[in-house]
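Take a look at the structure set out below.
Readers should treat all values here as calculations from the given coordinates under stated rules, not as data from a laboratory. Just so it is clear, the model here is predicted, and its values are computed rather than measured. Heads up, the Cβs are rebuilt from the backbone with ideal geometry, glycines too, and the neighbour counts pull from every protein chain shown.
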Amino acid sequence: ARMEFTRSFRNIGRAFTHPDLRAIFLVVFLFQAGFAFFVTFFSVFLIDRFGWSQGNIGDFFAYIGIWIVFGQAVVTRRVSHLFKEFQVLRFSILATGFFVALYYFPDNPWQLFFIAPFFSIFQGLTQANILGLISRNASPKVQGEVLGLNASVQAFAQGIVPVFAGIVAASFASWAPIIVASFLICLAWFCFVVLYRPDIPPMRS
């Protein structure tokens, strides 16, 4: 078969001209960019604010991981039986941005352990339901292609963020990327609420 060098560009163009997929991919980009902002400099923030050691940070991320597993295994499964993906995302994206912002406020380290479960659960709900919504908005014929495009959008967002996060942290303070992360995630929620229309039929070709 003849190799088509322009096929990837045509596929991306076709996906982004579909009304629903264009909105979803924009939300994916903003959400992943915000999450990457948070992850990139959160360790620096913990060291700067609380003087945590590498072991303290590792333990805290392990704690977050436990809650992510709980959220995926228990909460996400139960919620999926009660609500559609777009209904969950209208709440979970905003909640994720809210709990990211809350990380800025604690004066004592133990307060972080009360924020982490809510952040982990809502972040897990968002990730799972975005993926489910993308699958639902593509017919089986093009589902693999669309999921591949989603992975590319995520990789692009996560790849460019560390450069900007470093600039933000260097220009302001170690807490600044957390505020930017919350803003981007909340912007993703705003775009989802305004742009996504659940009545548009799936992409078929």
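Once phi is turned into ³J(HN,Hα) by the Karplus curve 6.51 cos²θ - 1.76 cosθ + 1.60 with θ = phi - 60°, what whole-Hz value does each residue of the stretch 22-30 show in order, with x for glycine and proline?
4, 5, 5, 5, 5, 5, 4, 4, 5
I need the trypsin sites (Lys or Arg not before Pro) found in the stretch 60-147, filtered to DSSP loop residues with at most 12 other beta carbons within 10 Å of theirs.
Of the trypsin sites (Lys or Arg not before Pro), the ones in loops of the stretch 60-147 whose Cβ has at most 12 other Cβ atoms within 10 Å are Lys141.
What residues have an amide H closer than 5 Å to that of Ala138, excluding those fewer than 5 places away on the same chain, when H is modeled at 1.01 Å from N in the peptide plane?
The list, which skips near neighbours in sequence, is Met203.
Relative contact order, percent, of the stretch 54-197 when contacts are C-alpha pairs under 8 Å separated by at least 6 residues?
After rounding, I find 35 percent.
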